[in-house]
Amino acid sequence: MIPAARKIYELGGTDDDCAQGLGVNRSSIDLWLNQHSAFSDTKKEKELYDADVERSLRQRAMGYTLPDGTHIPAHPTAQIFWLKNRQRAKWRDRQEVEHSGAIQTTADPQAIADQLVTMANSHPTYRPTLVQWASDLLKRLQETT
């Protein structure tokens, strides 16, 4: 069981992955980690593997020099990965922009109704629904004026 757990952790598995791989409940993993030093040592090895990967990623992101003097330049993909994970708010692909104040639209209901009719003429399947929407829109427009 310990060799299997060691391999799961070595491959980057979590405690949940280990439980699934060993066919036990997560609570069993927690119990074994607390009660069996040999089992908890396997998880400590996982932390060492993680640290090795982090060190390697940092080296690739920053560039490094081999013992023979060969310089390995920084790798842009490693830099992007590093920044997106370490500074998510600043480097994520999706930026959120906060808007304050009112948003006003000046949609022309007649133009919208005309567009609905045009769409209805080009899509016979949707024609009854689109014509109804246009009709309803024009009724509401007349009621407000």
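The values are calculated or read from the model by the stated rules, or taken from the named source; none is laboratory data. Treat the numbers as computed from the prediction; the structure is a model and nothing was measured. Every residue, glycine among them, receives a Cβ derived from its backbone with ideal geometry; neighbour counts consider all protein chains shown.
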query: Can you name the residue in the range 42-70 that is modelled with pLDDT of 85 or more and of a type in the set (Ser, Thr, Tyr) and, of all such residues, is nearest to Pro3 (Cα to Cα)?
result: Thr42
- request: Using the structure shown, decide if Val97 is among the hydrophobic types (A, V, I, L, M, F, W, C) and closer than 30 Å to Leu83 by Cα.
  value: yes
- prompt: Do we have Leu137 as in contact with a Leu (Cβ under 6 Å, 6 or more places away or on another chain) and surrounded by 11 or more Cβ atoms within 10 Å (Cβ to Cβ) here?
  reply: no
